[in-house]
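Each remark here refers to the structure printed beneath this line.
The values are calculated or read from the model by the stated rules, or taken from the named source; none is laboratory data. Since this is a predicted model, take the numbers as computed values, not measurements. Backbone-built Cβ (ideal geometry, glycine too); neighbour counts: all protein chains shown. Only protein heavy atoms, including side chains, enter the accessible area calculation; ligands, DNA and RNA are left aside. Shrake-Rupley method; radii C 1.70, N 1.55, O 1.52, S 1.80 Å.
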Amino acid sequence: MENEAHSMSSDIGIGVNEKMVEALESSDNIPLLLTNSGSLKRTGTVWTAVAHIVTGVIGSGVLSLPWSTAQLGWLAGPLSVILIASITLFSSFLLCNTYRHPHPEHGPNRSASYLDVVHLHLGISNGRLSGLLVNISLYGFAIAFVITTAISLRTIQHSFCYHNEGSEASCEFADAYYMLLFGVIQIILSQIPNFHNIEWLSVVAAIMSFTYSFIGMGLSIAQIIDKGHAEGSIGGISTSSGTEKLWLVSQALGDISFSFPFSTIIMEIQDTLKSPPPENQTMKKASVIAVTVTTFMYLSCGGAGYAAFGDNTPGNLLTGFESSKSSYWLVNFANVCIVVHLVGSYQVYSQPLFATVESWFRFNFPDSEFMNHTYILKLPLLPAFELNFLSLTFRTAYVASTVVIAMVFPYFNQILGVLGSMIFWPLTIYFPVEIYLNQSSTVPWTTKWVLLRTFSIVGFVFGLFTLTGCIKGIVAQKIG
């Protein structure tokens with residue numbers, strides 16, 4: 001069985017160590033997708049890792065932060081961003097040390113995905129649960145990117161309409177057309193073979209993310225200067241009841257949780273890094289740089305947006321400037337940058353899911369030509385292109401499904417909040433803590449053990465609170 005598993009893994013690009021084989025033999029042949037990309041040349045550096053993280057983190061989330069700050073106010077808003085950023089960074093440090101096993105720097109076994117590392121340290125049951133949550137979150141991010149792209153394209157159309165027809169013109173456009181257009185682009189890009197082939201896309205997308213974030217911040221500051229004062233209050237937006245305020249606060253915290261979502265792809269990013277220096281050291285440096293930069297951007301963008309609009313802060317910052325005549329071209333350029341960035345983010349978050357599902361099919365159907373055979377196509381004026389029918393059909397269906405769901409539930413802030421709430425505790429807190437305790441053999445009821453357990457319990461209560469509020473918000477929007 002062991003030789004058979006290793007032979008099969010070499011055919012489909014996954015590696016299985018002895019412990020994994022034993023688990024495989026006792027788990028009804030459920031494959032353990034330990035990616036062994038040893039045949040791939042790792043060329044990543046601290047800066048390409050930063051680009052990958054920034055691409056995944058500074059995306060649709062940054063646009064909702066002024067709204068989140070407006071719900072929480074000047075005190076709780078910034079503190080919430082800093083707290084969640086600190087938790088995410090702490091979690092990333094725990095995960096970085098588990099990429100290699102048993103030693104974090106010299107261990108021979110690599111865990112090249114979140115699913116792999118949970119399987120290795122916590123067993124098959126936890127591995128299945130984490131795999132389900134990771135794939136749901138990756139799928140949810142893709143839906144959020146479709147919604148956000150449609151909003152940006154619609155804002156561009158609105159801006160042109162207001163500029164050409166006047167502010168009194170009827171400028172209403174459906175999002176469905178823009179979602180379909182984005183879906184076509186993603187179907188084409190989804191045929192990129194794997195995560196190692198998209199470093200260039202991450203670099204371009206990271207540049208775009210900084211560009212539109214600075215533009216949104218700059219437009220907000222300009223509006224504050226025009227008004228001559230900053231809007232906002234310590235307690236945030238006033239509501240008609242305490243219950244309504246509580247639900248809005250929970251949605252705001254869910255949105256902020258969504259804004260730091262790179263725990264699910266940290267293993268894939270670390271697997272692109274060259275060594276020496278040790279991958280965990282490089283990844284820790286990249287995490288510190290990326291989280292510091294994004295936190296500064298979030299605080300600046302969220303604060304400037306709230307100060308500019310006060311109680312009227314929109315759910316998506318740039319939609320607040322769509323009727324501006326003096327800066328409409330700048331707003332349009334910022335929205336173009338968002339679209340380019342989200343094109344890259346969609347791939348960064350979808351490629352790991354593609355790899356998991358396709359490896360499962362190839363593992364279970366090793367003799368299927370449809371699943372395993374790759375054709376080489378050569379078109380005029382284009383480089384040779386690899387085509388696999390499994391990848392073509394599954395990835396096309398995947399993109400189409402994300403577009404359809406985005407059309408049915410196009411609720412920006414609530415969708416982001418649900419996604420952030422669903423994954424924040426299990427993937428950012430619970431599993432990293434459990435993996436660390438297992439790897440370090442921490443003795444129960446010691447100070448370290450108690451602190452980490454308390455940290456996990458508090459995170460669970462926080463996640464449950466934000467999830468409940470965000471689901472309530474979606475239901476209210478749908479009924480309304």
#### Entry: Length gained when the stretch Thr454-Ala176 is fully extended (0.36 nm per residue, less Cα-Cα span)
95.6 nm
### Query
What are the ³J(HN,Hα) values, in whole Hz, obtained from phi via the Karplus relation 6.51 cos²θ - 1.76 cosθ + 1.60 with θ = phi - 60°, for each residue of the range 330-340 in sequence order, with x given for Gly and Pro?
6, 4, 5, 5, 4, 5, 5, 4, 4, 4, 4
### Query
Residues with amide H under 5 Å of Thr313's amide H, sequence separation 5 or more or different chain, H placed in the peptide plane at 1.01 Å from N; which?
none
### Loop-located chymotrypsin sites (Phe, Trp or Tyr not before Pro) in the range 420-473, at most 13 other Cβ atoms within 10 Å (DSSP)
Trp445
### Task
Using amide H atoms built 1.01 Å from N in the peptide plane, name the residues 5+ places from Leu273, or on other chains, whose amide H lies under 5 Å from its own.
Gly44
### Task
Would you work out if the range 322-480 is rounded, prolate or oblate? Take a ≥ b ≥ c from the square roots of the eigenvalues of the alpha-carbon gyration tensor; rounded if a/c is under 1.5, else prolate when a/b is larger than b/c, oblate otherwise.
oblate
## Note on the structure
Once Ser275 and Ala476 are pulled to full extension, the length gained, defined as 0.36 nm per residue separation minus their Cα-Cα distance, is 67.3 nm
#### Entry: Under the Karplus curve 6.51 cos²θ - 1.76 cosθ + 1.60, θ = phi - 60°, whole-Hz ³J(HN,Hα) for the range 211-216, x wherever Gly or Pro sits
4, 6, 5, 5, 5, x
### Query
Each residue of the range 457-468 in turn: what ³J(HN,Hα) in whole Hz from Karplus with 6.51, -1.76, 1.60 and θ = phi - 60°, glycine and Pro shown as x?
5, 4, x, 5, 4, 4, x, 5, 4, 5, 5, 4
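Where nothing but the Cβ of Lys and Arg (+1) and of Asp and Glu (-1) is charged, how large is the charge dipole of the range 41-479 around its Cα centre, in debye to the nearest 20?
Roughly 800 debye for the range 41-479.
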### Task
With the full set of protein chains in place, find how many percent of the accessible area of the range 41-479 is carbon and sulfur; take the probe as 1.4 Å.
69 percent
#### Entry: Ordering of 348-359, 271-282 by burial proxy (mean other Cβ atoms within 10 Å per residue, highest first)
348-359, 271-282
### Task
Name the shape class, rounded, prolate or oblate, that the alpha-carbon gyration tensor gives for the range 41-479, where a ≥ b ≥ c are the square roots of its eigenvalues, rounded holds for a/c under 1.5, and otherwise prolate holds if a/b is larger than b/c and oblate otherwise.
oblate
### Task
Starting from the amide H of Asn388, placed 1.01 Å from N in the peptide plane, find each other amide H under 5 Å away whose residue is 5 or more places distant or on another chain.
Tyr375
